[in-house]
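Asks: Mind looking over this structure? Questions follow.
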Amino acid sequence: MWKDFFYKNEKNENEKAFNTINAAKLPTHIAIIMDGNGRWASKKGLPRKMGHKKGVSTLKSIVHTASDINIKYLTVYAFSTENWKRPLTEVNFLMKLFSYYLDAEIDEMYRKNVHIDFIGGIKDLSLGLQEQIEKARKKTADNDGLHLNIAVNYGGRDEIVMAVKKLAQMASDKKINALDIDAKMFDDYLYTAHQPAVDLLIRTSGDMRISNFLLWQCAYAEFWFTKKNWPEFMPEDFIQAIMDYQKRDRKFGGLNV
Ligand code: IPE
Ligand code: IPE
Ligand code: MG
């Protein structure tokens, strides 16, 4: 239960003051750029792949926390369209890790009522991984708890171009009138069709950039950065990000008077 999650306010440590998140003001959609696996490993003198392995444990615990506190949508960046530039050994290791993660976690996620989805160019992945993804999607399709989007071979620019192509094709087939295209219609042709926009974007490991993640969906997202690397990111940090989000003044271009 979300009530079980406390975050100790360091300023008032002696007074044993605790803050909790406000369940009435939860971000509906949280996105995470899970960055810093390699740096975490290097700092410890370990190979980069150990960082990715530890990063999977972090993902497990954050998915559980998000589900426990009733977050509706969580989108995690696991592999970008640009990550293919990495050495083949690292790419292959990451692909194996996704496969392992799905295998190991699917039953538990099913029990936790998590609806698993994948966003990105799934067709470019190995057939084995595509089958696993399809199986996970099907198995959890009727779950109505946390909606977890795992972004694999995902790129925000590719996603936008994909939507443009679909709409252009429909216009040329006279199924729609090109002049009727608006932001709402466009939104329905993205991987995240029918999902709410991102409220809170978290990035670990100190870099303050978006790296081609959810470019359209983050139009009015609140950004939250931490220097901690993803393998050392804890449920308490996730709760802290939400508490900080709850203090932000979101205006969407208007005035809060
Ligand atoms: C994030 O960690 C995981 C992926 C991009 C797959 P990195 O592998 O980018 O770790 P750093 O940024 O090199 O430390
Ligand atoms: C973003 O991290 C992609 C993922 C976390 C999967 P990168 O490590 O690829 O981003 P850059 O290269 O630092 O911008
Ligand atoms: Mg990185």
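Asks: What's the ranking of 111-124, 143-156 by average number of surrounding C-beta atoms within 10 Å, highest first?
Replies: Averaged packing, sorted descending, gives the order 143-156, 111-124.
Asks: With runs of 4+ DSSP H residues as the only contributors, calculate the mean residue ellipticity of the chain at 222 nm using -39,500 (n - 2.57) per run, divided by the residue total and rounded to the nearest 500.
Replies: It comes out at -13000 deg cm²/dmol, rounded to the nearest 500.
Asks: Okay, moving on. Going highest first, how would you order 166-176, 65-75 by mean Cβ packing within 10 Å?
Replies: The peptides rank, most packed first, as 65-75, 166-176.
Asks: Show me the ranking of peptides 81-87, 104-110, 54-60 by mean Cβ neighbours inside 10 Å, starting with the highest.
Replies: Highest to lowest by the protection proxy: 54-60, 104-110, 81-87.
Asks: Return P(r) of the range 138-257 (all Cα-Cα pairs; 5 Å bins starting at 0; whole %; ordered from short to long distances).
Replies: In order of increasing distance, the bins hold 2, 9, 15, 17, 18, 16, 12, 6, 3, 2, 0 percent.
Asks: Hull surface divided by four, with the convex hull built on the Cα atoms of the chain: how many nm²?
Replies: Average of the hull's projected areas for the chain equals 16.9 nm².
Asks: Right, here's the next one. Could you tell me the convex hull volume per residue, in Å³, taken over the Cα atoms of the range 193-257?
Replies: Spelled out: Cα convex hull of the range 193-257, divided by residues, is 118 Å³.
Bear in mind that the values in this text are calculations on the coordinates, not laboratory data. Please read these numbers as outputs of a predicted model, since none were measured by experiment. Virtual Cβ from ideal backbone geometry, glycine too; neighbours counted across all protein chains shown.
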